[in-house]
Amino acid sequence: MHRHGYKGRKFHRERDQREALIEGLADSLIKYESIETTVTKAKELVPYVEKLITKAKKGDLHNRRQVISGLQTVESAHKLVDEIAPKLTTRNSGHLRIERTGTRRGDNTQMARVSFVDDLTQAPVAKSAAANKPAAKATPKKTPAKTEAK
């Protein structure tokens, strides 16, 4: 029997339970900006959230509604569109990382931490603008001082 056309992991759950699991994990990831789960769940979660981030970056009404339908709570969808997505405009993809942490005590399964690659506490737009302004101001001040000393 072939395996062509089958996509995704089943997690020993039915379809609605699988979708609820992924939506719940995505909701928690956006709410807390970092979660710890099993490696297989993390590998299923990352492409799902990447697609939601791409929709959130567009930010129009249609994509906002699609983000809301892809998450469990409206608050986390608004947080993704209004707060997180504008800070991720410098990247086209690869917004999330999976780091293996250790094994779970009960069943010895491999655990992983899923988090954003960029630091979400600071906006990269403000950081790059602040970095450019002092460099531009410092250059003209130094050149007249050198000419006056000569």
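The values are calculated or read from the model by the stated rules, or taken from the named source; none is laboratory data. Keep in mind it's a predicted model, so treat the numbers as computed, not measured. Cβ atoms come from the backbone with ideal geometry, glycine included; neighbour counts cover every protein chain shown.
The set of residues in the stretch 26-46 being without any contact (Cβ under 8 Å) to a residue 24 or more places away in the chain and surrounded by 12 or more Cβ atoms within 10 Å (Cβ to Cβ) consists of S28 alone. Among residues of the stretch 70-88 that are within 17 Å of A20 (Cα to Cα), none has a Cβ under 6 angstrom from a residue that is polar (S, T, N, Q) and crowded, with 20+ Cβ neighbours inside 10 Å at a sequence gap of 6+ or on a separate chain. Taken together, V46, V114, V67 contain a single residue that is touching a helix residue (DSSP H, G or I) at 6+ places or on another chain (Cβ under 7 Å) and not in a strand (DSSP E or B), which is V67. Filtered by the rule that a residue be within 14 Å of the chain's Cα centre (by Cα) and among the aliphatic types (A, V, I, L, M), the stretch 90-117 gives L96, I98, V114, V117. Among all residues of the stretch 87-97, there is at least one that is surrounded by fewer than 17 Cβ atoms within 10 Å (Cβ to Cβ), among the small types (G, A, S) and either at pLDDT 95 or above or out of contact with any Cys (no Cβ under 7 Å at 6 or more places or on another chain) (or both).
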